[in-house]
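*Asks:* Quick one: structure below, then a few questions.
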Amino acid sequence: MAAQVLVLASILVFSCFADICYGAISFSSLHRTLVVTASHRQGLLMGGEDKITVTWGLNQSFQAGTDSNYRTIKVQLCYAPNSQVDRAWRKTEDHLSKDKTCQFKIVEKPYANTNETLEWTIERDVPTATFFVRAYALDEHDHEVAYGQNTDAEKTTNLFDIEAITGRHASLDIASVCFSAFSIVSLIGFFFAEKRKGRKAQQ
Ligand SMILES: *[C@@H]1O[C@H](CO)[C@@H](O)[C@H](O)[C@H]1NC(C)=O
Ligand SMILES: *[C@@H]1O[C@H](CO)[C@@H](O)[C@H](O)[C@H]1NC(C)=O
């Protein structure tokens with residue numbers, strides 16, 4: 001018993017240390033050194049069809065060498081505040097390992113000290129919601145060291161809406177589930193009705 005408690009305690013302590021050493025990068029500690037833009041057609045964008053052109057690069061008002069520890073750039077599609085309301089699974093947390101704002105990878109590639117552009121077709125698994133684009137610069141340990149986004153700090157500007165391609169199919173699925181449930185219930189009802197009829201006939 002004591003041994004188990006000890007093991008548990010050491011695991012706890014160890015994971016706390018691990019957290020401090022590796023996991024606990026807070027978003028608020030990152031400098032916004034990257035300039036990110038996202039361009040797309042006007043109006044509601046369709047998942048699986050429409051494209052978003054993302055550009056990123058170092059903000060030239062930061063001094064040369066600011067990006068000396070940038071190794072990788074990770075560009076993501078992120079939920080805007082109005083699509084996070086009442087959805088704990090999309091919640092923004094300052095602690096980046098727990099943050100669920102950015103769940104869709106647009107690209108991850110080696111960092112280059114130049115402006116880069118990528119045309120990305122919205123993937124089919126993106127749900128219907130409002131989004132923005134954020135890029136993180138990662139160091140050699142894959143830890144976030146800086147970021148940039150196509151919106152302001154409050155995430156109110158340049159947001160865009162995506163409609164999931166699966167929206168239509170999802171409602172069809174719901175209809176067919178309801179229909180199957182209805183069939184099962186009727187079958188059971190039919191079965192009992194027949195049984196009762198049988199019993200009545202016996203009497
Ligand atoms: C570049 O950084 C400066 C200083 O932080 C900031 O005032 C400026 O708005 C940034 N430029 C862009 C295009 O984000
Ligand atoms: C990237 O683009 C910005 C604005 O379009 C420009 O001011 C800057 O010089 C460019 N940076 C590089 C490294 O080309």
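The values are calculated or read from the model by the stated rules, or taken from the named source; none is laboratory data. Model, not experiment: these values are computed from the prediction. Methodologically, a virtual Cβ is constructed for each residue, glycine included, from the backbone with ideal geometry; neighbour enumeration extends over all protein chains shown. All accessible areas refer to the heavy atoms of the entire protein, side chains included, with ligands and DNA or RNA removed. Shrake-Rupley method; radii C 1.70, N 1.55, O 1.52, S 1.80 Å.
*Asks:* Kindly list, by first and then second residue, each pair from a residue in the stretch 77-90 that is aromatic (Phe, Trp, Tyr) to a residue that is modelled with pLDDT under 95 and open to solvent by less than 20 Å² (accessible area, probe 1.4 Å), limited to pairs with Cβ atoms under 8 Å and residues at least 6 apart or on different chains.
*Replies:* none
*Asks:* If a residue must be over 18 Å from the mean Cα position of the chain (by Cα), within 16 Å of ligand 1 (Cβ to nearest atom) and of a type in the set (D, E, K, R), how many such residues does the stretch 112-153 contain?
*Replies:* Residues that pass the stated criteria total 2.
*Asks:* How do the pairs read when you match residues in the stretch 100-112 that are in contact (Cβ under 8 Å) with a residue 12 or more places away in the chain and within 28 Å of THR128 (Cβ to Cβ) with residues anywhere that are open to solvent by 80 Å² or more (accessible area, probe 1.4 Å) and part of a strand (DSSP E or B), using Cβ under 8 Å and keeping only pairs 6 or more apart or on different chains?
*Replies:* From the stretch 100-112, no pairs qualify.
*Asks:* Further, regarding this structure: If I ask for residues that are of a type outside the set (A, V, I, L, M) and either open to solvent by less than 10 Å² (accessible area, probe 1.4 Å) or under 16 Å from GLN42 (Cα atoms) (or both), which ones from the stretch 151-163 would you list?
*Replies:* THR151, THR157, ASN158, PHE160, ASP161, GLU163
*Asks:* Here is a follow-up. How many of the residues in the stretch 93-126 are aromatic (Phe, Trp, Tyr) and part of a loop (DSSP other than H, G, I, E, B)?
*Replies:* Going through the stretch 93-126 one residue at a time, the tally reaches 1.
*Asks:* Something else now. Just to verify a result, which residue in the stretch 53-66, among those that are among the hydrophobic types (A, V, I, L, M, F, W, C) and surrounded by 18 or more Cβ atoms within 10 Å (Cβ to Cβ), is farthest from the chain's Cα centre (by Cα)?
*Replies:* Top of the filtered list is LEU58.
*Asks:* Also, quick follow-up: Going through the stretch 72-102 one residue at a time, which ones are buried (at least 16 other Cβ atoms within 10 Å of the Cβ) and either touching a His at 6+ places or on another chain (Cβ under 9 Å) or aliphatic (A, V, I, L, M) (or both)?
*Replies:* ILE73, VAL75, LEU77, ALA80, LEU96
*Asks:* Does the stretch 65-72 contain any residue that is over 24 Å from THR121 (Cβ atoms), touching a Ser or Thr at 6+ places or on another chain (Cβ under 8 Å) and within 16 Å of ligand 1 (Cβ to nearest atom)?
*Replies:* Checked against the condition, which is being over 24 Å from THR121 (Cβ atoms), touching a Ser or Thr at 6+ places or on another chain (Cβ under 8 Å) and within 16 Å of ligand 1 (Cβ to nearest atom), the stretch 65-72 yields at least one hit.
*Asks:* Continuing with the same structure: For the stretch 37-52, which positions are open to solvent by 40 Å² or more (accessible area, probe 1.4 Å) and in a strand (DSSP E or B)?
*Replies:* THR37, SER39, MET46, LYS51
*Asks:* Find the residue count for the stretch 54-92, including only residues that are assigned to a loop (DSSP other than H, G, I, E, B) and either out of contact with any Lys or Arg (no Cβ under 7 Å at 6 or more places or on another chain) or within 13 Å of ligand 2 (Cβ to nearest atom) (or both).
*Replies:* Qualifying residue count, the stretch 54-92: 17.
*Asks:* What about LYS109, is it surrounded by fewer than 15 Cβ atoms within 10 Å (Cβ to Cβ), away from ligand 1 (no atom under 16 Å from the Cβ) and at pLDDT 95 or above?
*Replies:* yes
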